[in-house]
Amino acid sequence: MRNLFALLLAALLAMPAFSEAEGPIEWRPEADLPGPISGHLLGNDNGTLIVVAGTNFPVSLFNGGEKEWYSKVYVLEPGATEWKEVLDLDHSISYGVGVSTPDGMVCVGGSDGERNYADVFRLSWRDGKLNRTDLPSLPKPCAMMGAAYLGSSLYVAGGLEDPKATKPLKTFWRLDLSSPEPAWEDLEPWPGRARFLPAAAAQSGSFFLFSGADLIEDGSGEAMREYLTDGFRFTPGKGWTETAPLEKAVVAAP
């Protein structure tokens, strides 16, 4: 049940600025997932939760198990007591980002453990059917990034270009989903260090980017994580400003 609460919290935080709620958050139990997963893409389309792929260890890593990567898509309609398996993607994917928009959940990038992807597509749940619409690919393959929906645009910050990358990306991209011919724009990035696994959200007309991890070289020449606590706010037409830092890092937070 704890994993389910985390799933619902992630879905809540994935909801874009157009659906900002007022008043206290109310928790309630929902149907358990078909199995334990992590690294999945998660979104909400008109009250229907959508869970895309993910990964896990069927046998514990400490018992010699290997990570499995998945490609199935599940939905949970409002009031339903069971998740429905509705799609099997053409490849496994994990560690991308799912972003809720008025027209459906946009899936961005991700990895299958061997390579990272630049794929971007929208999933919408209409009349009991899941529809997929391909969108322009990212400028580079990317996983473990931060993303949010603001205005009519999708913003993507940071991430890793390759599963074996030794440096994260310091990139900030925007895709105007209202454009008849949408194309990714390369915007000026935040005035701080490159990062992956940041926390990102849209609120009050701005895009916020917090924490994450940088990669630095350890004493043996291997890449190791350095956790960050800084934060930045991007407002269209005004650019970036630095926020107060967090008390603790929130790497890989929803």
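Read the figures in this text as sums done on the coordinates, not as results from a lab. No experiment lies behind these values; they were computed from the predicted model shown. Cβ atoms come from the backbone with ideal geometry, glycine included; neighbour counts cover every protein chain shown.
Values as computed for the structure displayed
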item	result
Neighbour-limited loop hits for trypsin sites (Lys or Arg not before Pro), region 15-113 (at most 14 other Cβ within 10 Å; DSSP other than H, G, I, E, B)	K67
Calculated log₁₀ intensity ratio I(q)/I(0) where the Debye formula runs over C-alpha points of region 147-254, q = 0.10, 0.11 Å⁻¹	-0.30, -0.36
Hull volume in cubic angstrom per residue (convex hull over the Cα atoms of region 180-233)	122
Low-density loop cleavage sites - GluC sites (Glu not before Pro) in region 77-141, where at most 11 other Cβ are within 10 Å (DSSP)	E82, E114
Estimated translational D of region 90-223 in µm²/s (Stokes, Kirkwood radius over Cα pairs; 25 °C; 0.890 mPa s)	159
At 1.567 mPa s and 4 °C, Stokes D of the chain from Kirkwood alpha-carbon radius, µm² per second	69
Mean Cβ count within 10 Å, highest first, over the residues of peptides 236-248, 124-136, 194-206, 95-107	95-107, 194-206, 124-136, 236-248
Normalised convex hull volume, region 114-166, alpha-carbon set, Å³ per residue	105
Mean residue ellipticity (222 nm) of the chain, computed from DSSP H runs ≥ 4 via -39,500 (n - 2.57), nearest 500	-1500 deg cm²/dmol
Three semi-axes of the equivalent ellipsoid, region 41-163, Cα gyration tensor, whole Å, largest first	23, 20, 11
Sequence-distant aspartates and glutamates (8 or more away, or on other chains) whose Cα lies within less than 14 Å of K248	E226, D230
Lysine pairs within region 2-242, Cα separation less than 19 Å, 8 or more sequence positions apart or different chains	7
